[in-house]
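The values are calculated or read from the model by the stated rules, or taken from the named source; none is laboratory data. The structure displayed is predicted, hence computed values, not measured ones. Here the Cβ positions follow ideal geometry from the backbone for every residue, glycine too, while neighbour counts run over all protein chains shown.
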Amino acid sequence: MAVNPDGTSPSSGGWKLLAAHDWSDAKALETSLCSAVEGLDGVTDEVVLYEYVDVEAVRDALEPESRRGVSEVRFDYGCHEVRVTEDGTIAVR
């Protein structure tokens with residue numbers, strides 16, 4: 001598979017993989033998201049994740065025990081769009 005210089009694949013729709021959250025791990029989704037978005041271009045240390053998304057709602061919608069039928073959640077974070085999928089993929093564009 002071809003990869004662009006920015007880490008995206010041509011078929012990815014511009015999404016860059018940041019991390020993969022393991023739902024079976026005791027590590028909280030909040031920790032996975034904070035680690036994933038840390039250091040994104042255009043995001044300063046003053047940007048607080050909770051100002052952009054209700055992480056508990058994302059977890060409740062996507063975790064394996066959820067019966068909500070949600071496959072992904074997207075939210076704006078600074079000048080980026082973040083996507084979290086039911087398999088734990090955290091990506092940005």
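Of the numbered criteria (1) over 15 Å from TRP15 (Cβ atoms); (2) touching a residue at least 60 places away in the same chain (Cβ under 8 Å), the one GLY88 fails is (1). A search for C-beta distances below 7 Å between a residue of segment 18-37 that is farther than 13 Å from GLU86 by Cα and any residue that is among the aromatic types (Phe, Trp, Tyr) and surrounded by 13 or more Cβ atoms within 10 Å (Cβ to Cβ), counting only pairs 6+ apart in sequence or on different chains, returns VAL37/TYR77. SER24 falls short on exactly one of the conditions (1) farther than 16 Å from GLY78 by Cβ; (2) surrounded by 12 or more Cβ atoms within 10 Å (Cβ to Cβ), and that condition is (2). Candidates are the residues of segment 31-45 that are hydrophobic (A, V, I, L, M, F, W, C) and farther than 11 Å from GLY78 by Cβ; the one that is farthest from the chain's Cα centre (by Cα) is CYS34.
Against the test of being charged (D, E, K, R), at pLDDT 90 or above, in contact with a strand residue (DSSP E or B) (Cβ under 9 Å, 6 or more places away or on another chain) and not in a loop (DSSP other than H, G, I, E, B), the options GLU81, GLU30 yield a single qualifying residue, GLU81. When the residues of segment 69-93 are narrowed to those that are surrounded by 15 or more Cβ atoms within 10 Å (Cβ to Cβ), closer than 16 Å to ASP25 by Cα and not β-branched (Val, Ile, Thr), which ends up farthest from the chain's Cα centre (by Cα)? The residue in question is GLU86. Can you name every residue in segment 59-68 that is acidic (Asp, Glu) and surrounded by 13 or more Cβ atoms within 10 Å (Cβ to Cβ)? Residues satisfying the conditions are ASP60, GLU63. Residue-level analysis places SER66 outside the set of residues that are among the hydroxyl-bearing types (Ser, Thr, Tyr), assigned to a helix (DSSP H, G or I), without any contact (Cβ under 8 Å) to a residue 24 or more places away in the chain and under 19 Å from ASP25 (Cβ atoms). Scanning segment 49-58 for residues that are surrounded by 15 or more Cβ atoms within 10 Å (Cβ to Cβ) and out of contact with any strand residue (DSSP E or B) (no Cβ under 9 Å at 6 or more places or on another chain) returns a single hit, VAL55.
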